[in-house]
1. Below 8 Å between Cα atoms, with a sequence gap of 6+, how large is the relative contact order for region 29-237 in percent?
2. Distance cut-off 23 Å, Cα to Cα: go down the list Lys145/Lys172; Lys172/Lys205; Lys148/Lys224; Lys59/Lys145 and report the pairs above it.
3. Given Cβ point charges of +1 (Lys, Arg) and -1 (Asp, Glu) and nothing else, what value in debye, to the nearest 20, does the dipole of region 29-237 about its Cα centre take?
4. Between Ile215 and Asp165, with labels modelled 7 Å along Cα→Cβ, what's the label distance in nm to one decimal, could you check?
5. Among all the lysines, which ones have a C-alpha under 18 Å from Lys238's C-alpha, if same-chain residues fewer than 8 places away are not counted?
6. List, in order, the whole-Hz ³J(HN,Hα) value for each residue of region 165-178 obtained from phi through the Karplus relation with A = 6.51, B = -1.76, C = 1.60 and θ = phi - 60°; use x for Gly and Pro.
7. Would you mind checking region 34-58 for residues with the amide N under 20 Å from a putative spin-label position 7 Å along Cα→C-beta of Glu198?
8. How much length, in nm to one decimal, is gained on full extension between Arg51 and Asp63, taken as 0.36 nm per residue of separation minus their Cα-Cα distance?
Amino acid sequence: MFKYFSGPFLLTVFSVLVTAAQPAAPVERPYAAERKLVALAVAAHGGDKLRNIRTLVIKGTVDVTTSAAAQAFPASFVTIFSGDKYRLEIANPFQPLKQVYDGTQTSSSVRGGFTLPPINRLGFPMLQQFGRQGFVITPLPDNKKRRKGFRMTSPEGYFTDFYLDEKTNQIKGYDASYTINERVVTTSVEIEKCRDVEGVLVPEKYAQRFDTEQITIYANFKAKEILVNSEVPDAYFKIVENR
């Protein structure tokens, strides 16, 4: 009965078996060069220690000026992150701001229900999300490719363009744009100094600029206290009443 299996037939079967035994070629993920840059930046800021941060508390001072008034006025700020929850407070004599996200909803102390975009979806906090589902890495836009960096976009569509130091691969600056109440706001940050806290390199001193359709705001931040993985009570993320 085996006489009907000719040489070419057996050769074909053998070829199929050999092909099936070969390991599948790895599927290359898009933008490999940019993903490598993100990995280098994460490593420069603490690697797994950064990615596995449970809580981050930053308290400090900020001097604010505007295009309408050159006189700086002092303020203080607090940012608290715990998982996806966060709390932002900026205390000043003109427009105090408190915004809280409890993991489900966001509230702000500013009248009219005004809220900033989620502060854990813009800037340095996004770096911790590298490799997690929904956070997309792409190249910088063509007009920014003169700098070493990458764009990271959150699942909600918020993006930040990060720029790396050529030698250390630390984040030296970033910028982003978003819409508030149908107005486009562009913000940019230049990091002057970082502090090593529990093996995580956190921005300590940086300048931030906000450009709106009506005014430009300049803010110089200086962290006084930075805590990594400290105990943060859930009460810190209690929703504040919109006024």
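Values quoted throughout were computed directly from the atomic coordinates according to the rules given, and no laboratory measurement underlies them. Source: prediction; values computed, not measured. With ideal geometry, Cβ positions are generated from the backbone for all residues, glycine too; neighbour counts draw on all protein chains shown.
1. Details: 434 pairs, mean separation 49.5, N = 209.
Over region 29-237, the number comes to 24 percent.
2. Lys148/Lys224; Lys59/Lys145
3. 460 debye
4. Between Ile215 and Asp165, the simple spin-label model gives 3.4 nm.
5. Lys85, Lys98
6. 5, 4, 9, 8, 6, 6, 5, 9, x, 7, 9, 7, 9, 7
7. Taking a point 7 Å out along Cα→Cβ of Glu198, the residues of region 34-58 whose backbone N falls under 20 Å are 42-58.
8. Using 0.36 nm per residue and subtracting the Cα-Cα distance, I get 1.3 nm.
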